[in-house]
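Written below as structure tokens is the structure these notes are about.
The values are calculated or read from the model by the stated rules, or taken from the named source; none is laboratory data. Everything numeric here is computed off the predicted structure, so don't read it as measured data. Here the Cβ positions follow ideal geometry from the backbone for every residue, glycine too, while neighbour counts run over all protein chains shown. Remember, those area values only see protein heavy atoms, side chains included, never the ligands or the DNA or RNA. Shrake-Rupley method; radii C 1.70, N 1.55, O 1.52, S 1.80 Å.
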Amino acid sequence: RALLQRFDANIDDGGFIEAKDWMPENYRRTLVRQISQHAHSEIVGMLPEGNWISRAPTLKRKAILLAKVQDEGGHGLYLYAAAETLGTSRDELLAALHSGKAKYSSIFNYPTLTWADVGTIGWLVDGAAIMNQVPICRCSYAPYARAMIRICREESFHQRQGFDSLLVMMQNGTEAQKAMVQDAVNRWWWPCLMMFGPPDDQSPNTAQGMRWGIKRVSNDELRQKFVDATVEQAKVLGVTLPDPDLKWNEERGHWDFGTIDWDEFWNVVNGNGPCNRERLAARVKAWEEGAWVREAALAHADKQAQRQPKAA
Amino acid sequence: RALLQRFDANIDDGGFIEAKDWMPENYRRTLVRQISQHAHSEIVGMLPEGNWISRAPTLKRKAILLAKVQDEGGHGLYLYAAAETLGTSRDELLAALHSGKAKYSSIFNYPTLTWADVGTIGWLVDGAAIMNQVPICRCSYAPYARAMIRICREESFHQRQGFDSLLVMMQNGTEAQKAMVQDAVNRWWWPCLMMFGPPDDQSPNTAQGMRWGIKRVSNDELRQKFVDATVEQAKVLGVTLPDPDLKWNEERGHWDFGTIDWDEFWNVVNGNGPCNRERLAARVKAWEEGAWVREAALAHADKQAQRQPKAA
Amino acid sequence: MQASIQLQRDPRQQYLLRIGDTCLILAQRLGEWTGHAPVLEEDIALANMALDLLGQARAVLTLAGSAQGLDEDQLAFLREERDYFNPTLVELPNGDGRPGDFALTVLRNLFVSTLLRHLWVRLHDSSDEELSAIAAKAVKEASYHQQHAADWVLRLGDGTDESHRRMQAALEKLWPYVAELFEDDAVDEQAAADGLGPRWAELRANWHAEVAPLLQEATLQPPPDKSFMSTGKRGVHSEHMGYILAEMQHLQRAYPGGAW
Amino acid sequence: MQASIQLQRDPRQQYLLRIGDTCLILAQRLGEWTGHAPVLEEDIALANMALDLLGQARAVLTLAGSAQGLDEDQLAFLREERDYFNPTLVELPNGDGRPGDFALTVLRNLFVSTLLRHLWVRLHDSSDEELSAIAAKAVKEASYHQQHAADWVLRLGDGTDESHRRMQAALEKLWPYVAELFEDDAVDEQAAADGLGPRWAELRANWHAEVAPLLQEATLQPPPDKSFMSTGKRGVHSEHMGYILAEMQHLQRAYPGGAW
């Protein structure tokens, strides 16, 4: 009880919780769920973009894409490490992913069908991710906040690179390239708006998350901020956002936008998106087919450990 | 003894031996070796050409290539059946192929590197094969002779199609296509000359084969016939055969040609050609990975057989 | 200059391309087996089916391109991915690696040949005489393909434990892609109105009436239906399609102005 | 119009392309692992090595093209197969299917990084200042790659029975392609005469001196040497190369005049 009071007071003061500090079980569980979900999103997110590494159209773009996907692996590492500070091992977290128990961001259940999808993921998906993640840099759990600061810096870089790759095609490309970019934006726009999660009035976890300083800004606020920022960027690019209801609302000082198809959102969350099966299958296959490698590494380390004393 | 005399007399009269007729063990063994080697060549020969089915440049060429490779499978079937009339099962013959004991035509250990290789195989490899095989249509063992008649008819068709596909590229194609054809001819010419086997004075089996009416024309005679025919076709195509020593010999009434690199021939025969390992590995993989299918087909047939009487 | 051709987005053309592309892409997948099948007879049978499908594709693509002055090869090799309209089912890989999984291959052949047979039967009555003539020939080929696939599904489903397990796994993998085959839309609407051909949705009942008892006899159990819906018929494909096209189109793209 | 570019068949250019293409094609193969490695750390490490190799490829291709006015992308994406000069070793698939065999991957990395490290050391003394500068940077990367690969070869060779078996199988598959690395010819002759770089044959002794004891420590046994000789360095590749190029070149070929 005293511990809980001190914890609450700390949170209320805007203080940070470190791994060694006492914390309520629920807080710990919520964080493990959220951080691991985020970590899973990073490693599943390597798949749709990785799909284009072998086909990148120039060596510069290939290098940028490789570096980006590598960064995502790195984000996965930090985040698993942050989750491990809360007492759950990476193997346990991965087991939950592979069994389908743990979730990852639904956006990665959409396929990358053209090269323009790679740039669009950088621009829109990473853009939305940053909106979601910047507030987490002030999250009450310090190891998570520290990981997010580094991640957000890299994500911003990725977003600019994605935007730049689309800009080159829209400004200097052929008609076929421009059409490819527009098509990609058409396919990714609505799923990106869904990335902020259900509307606030249907989002049960928001209040507690806010209370604990894990979540700092509501889904709808973040979504609006994303729309407002993106409309301007779309103008610079010269692409049309596929929403006839999109228009400036002088009164609100924001862009109004159309109704999101939440049936689609829940379909994808519940496993029926275009690539859910394949994404999970790819992760499970990598894990299972890699088992012999991990076992061999352990066996070799054991042999080495046994040899040391003899040699000594 | 009386049987042997009757057999010899029959052969000397230019008669035919049927499966049910008595024959010397050596004759039988020689035939099984030769027919199965020929059958193996057909099915291994599906691989280098099959390599281009997915990449054929037009639908017409894709259809022609598919039909050709399918025909090769058919030739394999007739030939295995012909070998089986001599008392060795297809499974035994395949086991000998997979273990590396049985040989197949070394020409298929060269890779198909461009689309022009497909046409060149039709023109040169099938051309050489026909030269080799036409005399076998008069082979003393009747089931083999009958199979060869059908095979030769189809091979001639394939050869014309191969030649035609090169002719289109040489007459109506771009410079890049013409260079592709010339490059393919450069790579395939010498290996094709090797297809007739070692020179007569180094070919130990020839005499007995001739005596038995299994072989009708010597290696060197066939090779010369092939060169003479091909030189004229190369002129029509507009390609250069890669042999500076190639010139008409008025006295002999034949084309003289350069020295064959028999070291290369023996290297490839002995397993050290460009694709020996991969060709055999592909066949073994298909066989091993197909084991469950063959087992299931047998198991299902057994179940059906057991159900019949119950149903009756 | 081998840039991609532009289509007119005409419902008649799209209806025809759905058929032609289904045949074309399945032929491409079946062709991958050549030389690698479990028994020689199947090397020959799979190549033969690929050849039949290729012939059907050529006829239908020629018809689909005629109004716009495009030939079969321009349509087969010079479209962008978005302009191919086969259902996603046929573009799925045969299995991990090449040549892939024989179980998945024969089951997909059953699904597609049953669809195509019923489709060709109906297209025989098409208001388009040429399409009707194509259908008359193709229906016999599809019947043979269906029989061949059904025999194998039965054998492997009710064969050994291993073959049963593999067939059941293939069924769970492919079943979600079946719904798309019978999805209705404006393209089908227009084709039905013009008498060009049936709505594919009209084939659903017959398809299930033939496939369901066969699966049952093969002791195979389809997974529960889900809301997942693939979208290849609208030109939005799986990630596998790009690899098929990169390979299939390579020579046409790399040798502009070539004569083959 | 994305027809292929024509090379001048210049020994200096071919010497450089052998180096650049070795890096380029191995980067392509390593990139296939991204997202599919046995542990996350290896996803990152393999992508990182691919990135280093790609950087080396870009620098060397740029240098190789400068005399003829060709840029790195024209060289990387618009050559015909015959004009790529990497040794066959680097184009072999990672294994059956994707992403392939980790044993083969780390063993090949050992072979290639050992070669490249010794090559970069010698190229540091090149008469070409630019090449010398590229080498100065690359040698550090190659050292890291070699160390990483050596660690894994040791771990897997002397790990479990299964890992040993897989490593030994990989060794038997790859070893025949090693001889080509050190084959001598006129291109190397010229490069040595000009002080551009060493004959690769001069690297053979050092390569074996490092690789042989490591294999021994890893309890791996190379197969007996055969007369087989691969020929990628002369532009005559294996059947795998065409598939790599069809995929790698697709966008450049399909979007002529594109800006990326």
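Overview of values
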read-out	value
Paramagnetic label zone (point 7 Å from Cα along Cα-to-C-beta, A:Asp302; backbone N under 17 Å) in the stretch D:151-173	D:155-165
Protection proxy ranking of B:54-67, D:200-213, B:169-182, D:45-58 - average other beta-carbon atoms within 10 Å, highest first	D:45-58, B:54-67, B:169-182, D:200-213
Euclidean distance of C-alpha centroids, the stretch C:9-75 and the stretch A:10-45, integer Å	54
Shielding of A:297-306 by partner chains, average beta-carbon count, 10 Å	4
Ranked order, C:Asp83, C:Asp185 - accessible area, probe 1.4 Å, largest first	C:Asp185, C:Asp83
Alpha-carbon spread of the stretch C:137-239, three principal axes, descending order, Å	49, 33, 24
Pseudo-label separations to other copies for D:Asp10 - Cα-to-Cβ vector, 7 Å, nm	5.2
Between C and B, accessible area buried - total, square angstrom, nearest 100, 1.4 angstrom probe	4100
Calculated [θ] (222 nm, deg cm²/dmol) that DSSP helices of n ≥ 4 give over the protein assembly as shown, each run adding -39,500 (n - 2.57)	-21000 deg cm²/dmol
Residue-normalised accessible area of chain D, given per residue in Å² at a 1.4 Å probe	33
Alpha carbon centroid spacing (whole Å) that separates the stretch B:249-310 from the stretch A:108-173	52
For B:Gln202, label point 7 Å along C-beta direction: distances to other copies, nm	8.1
Relative packing of A:3-14, B:238-249, D:103-114, which averages over residues the other C-beta atoms within 10 Å, highest first	D:103-114, B:238-249, A:3-14
Label-point gap, in nm, between B:Lys235 and A:Phe157 - each point 7 angstrom along Cα→Cβ	6.8
Residue-level accessible surface for A:Ser165, protein heavy atoms, 1.4 Å, Å²	10
The stretch D:204-260 - Rg over Rh from alpha carbon coordinates, Kirkwood radius	1.24
Whole-number accessible area per residue in Å² for chain B, which is evaluated in the context of all protein chains at 1.4 Å	43
Percentage, to the nearest whole number, of Cα pairs in the stretch C:1-127 over 26 Å apart	24
Closest approach to the axis - chain D beta-carbon, rotation onto C, Å	D:Gly97, 1
Folded to 0 to 90 degrees: helix C:161-174 orientation relative to chain C principal axis, Cα	30
Peptide C:152-163 - average C-beta neighbours from other chains (10 Å radius)	5
Percent carbon-and-sulfur accessible area, the protein assembly as shown, ignoring ligands, DNA and RNA, probe 1.4 Å	52
As computed over the stretch D:11-254, the Cα convex hull volume per residue (Å³)	115
Farthest toward positive dipole pole in the protein assembly as shown [+1 Lys/Arg, -1 Asp/Glu at C-beta], among A:Asn249, B:Leu66, B:Phe7	B:Phe7
Mean shadow area of chain A, taken as a quarter of the surface of its Cα convex hull (nm²)	20.7
Separation in nanometres of the label points that stand 7 Å from Cα toward Cβ, at A:Gln202 and D:Glu130	5.9
Euclidean distance of C-alpha centroids, the stretch C:100-144 and the stretch D:202-260, integer Å	44
Antiparallel content of DSSP bridges confined to the protein assembly as shown, in %, to 5	80
Computed label-point distance, nm, for sites C:Asp10 and B:Thr259 using a 7 Å Cα→Cβ extension	6.7
Computed FRET value (nearest 0.05) for A:Asp13 with B:Glu175, which takes r as the C-beta separation and R₀ as 60 Å	0.15
5 angstrom amide H check on A:Ile17, placed H, neighbours 5+ away	A:Tyr141, A:Ala142
Span-like helix ranges in chain B, DSSP H, alpha carbon extent 24 angstrom or more, Kyte mean at least -0.5	B:59-84, B:142-172, B:175-194
About the Cα centre, charge dipole magnitude for the protein assembly as shown (Lys/Arg +1, Asp/Glu -1 at Cβ), debye	1500
Peptide B:281-289, shielding by other chains (average Cβ, 10 Å cutoff)	4
Cα pair distances exceeding 48 angstrom across the protein assembly as shown, given as percent	35
Area accessible to solvent at B:Ser99, 1.4 Å probe radius, in Å²	80
Ascending list, in nanometres, of distances separating the B:Glu221 label from those of the other copies (7 Å, Cα toward Cβ)	9.8
Per-peptide average of other Cβ atoms within 10 Å, ordering A:275-284, B:126-135 highest first	B:126-135, A:275-284
